[in-house]
Amino acid sequence: MTITYVLMQNLKRNPLRTMLTAAAFALPMAVFVAAISLVVVLMKVAAHNEQELRLGVRQKTSLTNLLPEGMRRKIEALDPDRKQLRAVCGMRWFGGRVPDTKNTLTSLAVDADTFPVVYDDVGMAPEDTAKWMADRTACVAGSGVAEQYHWKVGGNIELESTVPPYLTLRFKIVKIMTSADRGNVFYFRRDYLEESYQAMGFASSRVHIFWIKCSTAEGLRALQAQIDQTFANSPEETKSEDENAFAANFTQAGGDIPGLMQAMAIVVVCIVGLVAGNTMMMSFRERIRELAVFKAIGFQSGRIFTIVLAESAMLSLIGSLAGVLPTAALLTLVPIRGLRMGPISSVEVSPVAVVVSIGIALIVGLAAGLLPAYQAMRLRSVDALRRIA
């Protein structure tokens, strides 16, 4: 009689309970793998931001307070030889939305001349940059919003501002960004916005933030301190942050997403552990006579321990696979799109999330089976048969 045979018979002993227990594993683990996939995406975005060596300079009190565009020249003057500072790009929030829709896009007016340098990770080819510089209505859209509104390169679109002074602008798409961390972003030329403001009699040459492309991490930290020191105790006092810190603050303004995912993961593990522990204790109580007979016919205590522990591990593995694999397949075939989580517009399954989810389920299953397995190992055949008889 092999251990595999015994395990299969035990699983078939009460099919309804086995299926319900597997389902109780499957549903939390499906949520877990989706949550971990989202966290992995956020970690990839953070790693990408760190590599890009961008430094954001905004008004110290609030991001909503505007800075004069002339500060760009002062910042550039801090490194005239361009040893650490490659380029400075002013950026202003537009808050545009497609007419007759409610969702506001992350639409930003940027300095046309330095945008391709500061955001070289956008992937603009020389011909894209030429079109961008030649047409003041040129724009660059993320793949998420382009897919949502069926935009194509070369197409003309229209956005209406949701912030004063309210105006409607027409754009021509010269590039659709394929990067996952730019899926919800829309860039266009700030000179076009300023000209439109002037035509309305609203002159405003100001920006919400300056983004600086640095050459090295050491240069970024040096510039960060130097810029804030330069504008300290002035009407335009600044706060400089690297892109990771800025993104973290911006994301947490709508809720601590990584923290929520971590709390969800803890809750999921606790639920799975309670389900597995309860099931294994019930199974052990029902099988005391059977385990006693096994010992009576010569099964060693170690083998009894292995049988009970393996049953718990197998049940947890079956349940986790029933939840993780369909979820992973669904996210692979139909990735979650249309998210409004900062620049992120889609979440795809992560192999790391799949492995971690199955691994945690196995660990929880083994932990849940330890006490019943220990009790079974210490079980005395005579006492067990007398109590059951």
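No value in this document is a laboratory result; all are computed from the given coordinates. These numbers were taken from a predicted model, which means no experiment stands behind them. In this analysis, Cβ positions are derived from the backbone assuming ideal geometry, glycine residues included, and neighbour counts consider all displayed protein chains.
Some observations on this one:
- Contour excess over end-to-end distance, with Cα ends at Lys152 and Asn244 and 0.36 nm allotted per residue: 30.1 nm
- The modelled label-to-label distance for the pair Val117/Thr216, using points 7 Å beyond Cα in the direction of Cβ, is 1.9 nm.
- Cα lying deepest toward the dipole's positive end in the chain, options Asn103, Val293, Leu63, charges on Cβ: Val293
- Legend: ranking of residues Val356, Val185 from fewest to most surrounding C-beta atoms inside 10 Å; resulting order Val356, Val185.
- Ranking of Trp132, Trp211 by neighbouring Cβ atoms within 10 Å, starting from the fewest: Trp132, Trp211.
- Potential lengthening between Glu127 and Lys44 on full extension [0.36 nm per residue; Cα-Cα distance subtracted]: 27.0 nm
- Sparsely packed loop sites in segment 24-121 (the trypsin sites (Lys or Arg not before Pro) outside DSSP H, G, I, E and B with at most 11 other Cβ atoms within 10 Å) comprise Arg82, Lys83, Lys102.
- Extension reserve of the Glu290-Lys102 stretch, reckoned as 0.36 nm per residue once the Cα distance is removed: 61.2 nm
- Signed unit charges on C-beta, dipole axis of segment 18-154, positive-most listed residue Ala134, Met29, Gly154: Met29
- Cα principal axis extents for segment 132-219, largest first, Å: 42, 38, 26
- Look at the alpha carbon pairs under 8 Å that are at least 6 residues apart: their mean separation over the length of the chain gives a relative contact order of 27 percent.
- Charging the Cβ of each Asp and Glu at -1 and of each Lys and Arg at +1, and nothing else, the dipole of the chain about its Cα centre rounds to 1920 debye.
- Over the chain, all Cα pairs binned in 10 Å intervals from 0 give whole-percent P(r) values of 5, 19, 22, 17, 12, 10, 9, 6, 2, 0, listed from short to long.
- Residue with peak Gaussian network fluctuation, the chain [Cα springs, cutoff 10 Å], from Ile297, Ile36, Ile363: Ile297
- Relative to the 2.2 N^0.38 Å rule of thumb, segment 61-236 has a C-alpha radius of gyration ratio of 1.06.
- Between Ala225 and Glu76, the modelled label-to-label distance comes to 2.7 nm, taking each label 7 Å out from Cα in the direction of the beta carbon.
- Between Ser234, Ser161, Ser62, the residue with the greatest mean-square fluctuation in the GNM of the chain (Cα pairs under 10 Å linked by springs) is Ser234.
- Per residue, the average separation of C-alpha pairs within less than 8 Å and at least 6 apart gives segment 61-236 a relative contact order of 32 percent.
- Secondary-structure-derived ellipticity at 222 nm for the chain, considering helices only, amounts to -18500 deg cm²/dmol, per-run term -39500 (n - 2.57) for DSSP H runs with n ≥ 4.
- The coefficient of translational diffusion for segment 109-160, derived via Stokes-Einstein from the alpha carbon Kirkwood radius under 20 °C and 1.002 mPa s, stands at 178 µm²/s.
- Exposure proxy order (Cβ contacts within 10 Å, fewest to most) of His150, His48, His208: His150, His48, His208
- Averaging 1/r across all pairs of distinct Cα atoms in segment 1-117 and inverting the result yields a Kirkwood radius of 20.5 Å.
- Between the residues Leu16, Ala199, Leu315, the greatest Cα displacement towards the positive end of the dipole of the chain, with unit charges on the Cβ of Lys, Arg, Asp and Glu, is found for Leu16.
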